[in-house]
């Protein structure tokens, strides 16, 4: 039983890793620019599609193609911020979120365009080995292990960087009070773009670790279910980010554990709960929304700054 | 200055009707063309016309909750799905007439919109949108996976109505039925706009605090908007079911239900988010575009990308969408009839030529 | 009997005391002024009275009714109207449409009646039309009927806001600096207008104003607030002579003046 639990926990952990990377991107972007990034999935998707094209025609070796895909995602996010989001006054909440939907739809359409409208499922070559790793009795795919490690490494690097480095602190300053930061000589626009580049890069990374390895040892499958503006994992990612009120990164990480590991472990629970794991996740997200969790992580003044 | 009048208003004659504006005349002409056009172009054009009309009905739900009240709901198609399958059961299963099934569908949408509404109206801006997204997923993962309701993967059949001697099974007849229905619903939504509750909705959208200090119950207004919107979408679902005649649950499951919800919002915004005519125009453009590019799938995705860009441009620059643009052009024509008409005719001609050219090239 | 009454209102923002045991009373058809230096808590008191802020303690009554827990819209429906320091109107609507929104309290037609254009809806719209015409005439804004707020001067908007809140037909009207930002000439017309409003509608007016001549000429009684506390209250003459009021505004008392001379 312990081994089964460990087994499920590991699978859940891999899912948590993907969710964590998406959630961190969402939080970074929201904190720095006040944008609730519903385009996050679309931006990550474009990177994956570029990867699929490059490996499908064997233009580049998989690992290099993945790097290019990552760069494309990051660049897409940068363009979205520079050309579109920077022009929207933060006070216009509905416009902001509609525009985000538009940007996400745009990238989803571009993705389908790049695939030349291929219907059905596309086999995707993985860039990580498909071997199985044995960890003290539990079996896990190499790709899943790498996902966990990469997610952990990202957080291990990103959180201290944000806290201590000059750029990181500048990012936080812009997030807390844009005007004051600018008065202090910080180029708010530059740092807003930096947040988007990092966040979008993370989205690309998350989807690159997920989709090309979704079929286990054979690699991955890219299907219609992915080529949408709001992918299935986006909602749990927002759920995780909401644990921190879209503001706190450590809380978002805790949230990604809830929506990954904890949710998977519920398979072991008695029947009705196990079957309705997904619905339970939705209930949790609804509760988080009602709690207005942002109140716990930011002062009223900071929230005002984010809204206007 | 007057003294007593503020205290006790006396009834007066209704205000005299002013001359109909240029936009109304243009609208009437377009409407006539729209009504007759597809009938002249054959069966398939009628099917497309019906599709546009049905989407316009569903789009009205977006107008009420988002256009008027400023709340972004991403779950209209959840209500469409509910309406559709309720119609499938009522019409095909129990032999009910379609209008009765429509009323049932609207009624059955209320428990869900009430549940979601009571949760969501407490939330602001993007949290409301995310809440509707979450509920759409939740319902997609439960109700639309329930075979007893959806008839499983094989789906269910929905018969088109027969009213007296008229059989609406044919596309042409069905198109006219849909057209009449959408016009009726547009009329009703316009009535809503010019009423106490409709004005409360727009007040809530523009300035919640001011609305509250004028006696408007903001939460109740948002809730009513959401419920009315759900009912309209459910009625749209009934017509959608009759249009397709064979319905499956897949489009109402995650993640497709959200994707099509986004598409709907996009076309309503492009058409004009604040006007009941917006969804009609947005749907017309979208489905004509789909048909023009039908054979060239690749072009379809380019069109989709351009639509997304158009959507963003409209959001940033043209808040009233194409309806606003048409009203503006109608004013231009009214003020300088000859010059204005030439200008408008030129713009339309260019668009028609470009579309035709693309169509020919894609053949 | 007091129409609007508070008992011991308290409110702190973190370490700052915004309202300190504030007890005030306004009678029917009275015009009462509220003065005090910036940051004294005047607008805060209005926000608590209209339900936009929750006090830490104390109660508020409108007539017989305890409104301490009522939501803003409930207080409005009970007859409490207010204007804001920063004008709050509906920017996408014309003056006429703003006034039409403000008719909300008086109209009754349901959603269904509106959608089907039933007679009850028609009656509502006719009644709204009459009330709008009446208030436009009272405030002399007929010429701006079809203009949007964005097209009008600040001074005119102040009057539009007044017209909007009057449409509510309030029993008590809280006016937050109605003369701020308007030209001298119009400010002078405001005094008689406020009195006329009181005479026509029979409503009480509670008025925050920094324009002293206006405040003192139109108010029958005055409250003075400083650091969230009521430091004086009485007729305009009494309050302006009060030592505490003078020191809070000017930093010195009459005794100091006499000692100096």
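Every read-out reported here was derived from the displayed coordinates using simple, explicitly stated rules and does not represent laboratory data. Computed from a predicted structure; not experimentally measured. Note that each Cβ is placed from the backbone with ideal geometry, even for glycine, and that neighbours are counted across all protein chains shown.
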Please work out the Cα center distance from the stretch A:86-103 to the stretch C:125-161, rounded to the nearest Å. 33 Å
What percent of all Cα-Cα pairs in the stretch A:2-307 falls in each 20 Å bin, counting up from 0? 34, 58, 9
When you look at the Cβ of every residue in B:309-315, what mean number of other chain Cβ atoms sits within 10 Å? 6
Output the relative contact order of chain A, whole-number percent, from Cα pairs under 8 angstrom with separation of 6+ residues. 34 percent
How much space per residue, in cubic angstrom, does the convex hull of the C-alpha atoms of the stretch B:198-268 take up? 113 Å³
Per 10 Å bin, what percent of the C-alpha pairs of the stretch C:2-260 does each bin hold, from zero upward? 7, 28, 33, 21, 8, 2, 1, 0
Using a 10 Å cut-off around each Cβ, can you sort B:273, B:103 from fewest to most neighbouring Cβ atoms? B:103, B:273
For the protein assembly as shown, share of DSSP beta bridges that run antiparallel, in % to the nearest 5: 65 percent
How would you rank B:302, A:132, B:130, going from fewest to most other Cβ atoms within 10 Å of each one's own Cβ? A:132, B:302, B:130
Name the residue, out of C:90, C:206, C:159, whose mean-square fluctuation peaks in a Gaussian network model built on chain C with Cα pairs under 10 Å. C:90
Order of B:331, A:179 under a 10 Å beta carbon neighbour criterion, fewest first: A:179, B:331
Counting only the backbone N, which residues of the stretch A:255-286 are under 13 Å from the spot 7 Å out from the Cα of residue C:71 toward its beta-carbon? none
Most mobile listed residue (B:156, B:188, B:75) in chain B, GNM with C-alpha springs under 10 Å: B:188
Calculated over the stretch B:320-363: convex hull of Cα atoms, volume per residue (Å³): 53 Å³
Stokes-Einstein diffusion coefficient of the stretch B:33-302, Kirkwood radius over Cα pairs, 20 °C, 1.002 mPa s, in µm²/s: 114 µm²/s
Return the FRET efficiency for the residue pair residue A:180, residue A:114: r is the Cβ-Cβ distance, R0 is 45 Å, and the value is rounded to the nearest 0.05. 0.60
Relative to chain A, whose Cα atoms define the longest principal axis, helix A:93-114 and its Cα axis are tilted in degrees, nearest 10, by 40 degrees
Please compute the modelled spin-label separation between residue B:352 and residue C:183, points set 7 Å along Cα→Cβ, answer in nm with one decimal. 5.4 nm
If you average the sequence gap of Cα pairs under 8 Å that are 6 or more apart and divide by the length of chain C, what percent do you get for the contact order? 27 percent
Computed log₁₀ I(q)/I(0) - Debye formula, equal Cα scatterers, no solvent, the stretch B:43-142, q 0.25 Å⁻¹: -1.33
Compare the peptides B:246-256, C:138-148 by average per-residue count of other Cβ atoms within 10 angstrom and give them in order, highest first. B:246-256, C:138-148
Pair residue A:163, residue B:167: separation of 7 Å Cα→Cβ label points (nm): 7.6 nm
Pair residue B:295, residue A:190: separation of 7 Å Cα→Cβ label points (nm): 5.5 nm
Cα convex hull volume per residue for the protein assembly as shown (Å³): 211 Å³
When chain C is treated as a GNM, springs tying every alpha-carbon pair under 10 Å, which of C:201, C:173, C:80 comes out with the largest mean-square fluctuation? C:201
Need one value for B:297-307: mean number of C-beta atoms belonging to other chains within 10 Å of its residues' C-beta atoms. 5
So how do B:262-271, C:15-24 stack up, highest first, on mean other-Cβ count within 10 Å? B:262-271, C:15-24
Sum -39500 (n - 2.57) across every DSSP H segment of at least 4 residues in the protein assembly as shown, then divide by the residue count to get the 222 nm mean residue ellipticity, nearest 500. -19500 deg cm²/dmol
With a bin width of 5 angstrom, please list the P(r) values of the stretch A:1-151 as percents of all Cα-Cα pairs, from the 0 bin to the one holding the largest distance. 2, 9, 14, 17, 16, 15, 12, 8, 5, 2, 1, 0
Just to verify a number: FRET efficiency for residue C:195 and residue A:290, C-beta to C-beta distance, R0 = 35 Å, to 0.05? 0.10
For residues of C:95-108, the mean tally of beta carbons on other chains within 10 Å: 4
Taking 41 Å as R0, compute the FRET efficiency from the Cβ-Cβ separation of residue A:172 and residue C:85 and round it to 0.05. 0.80
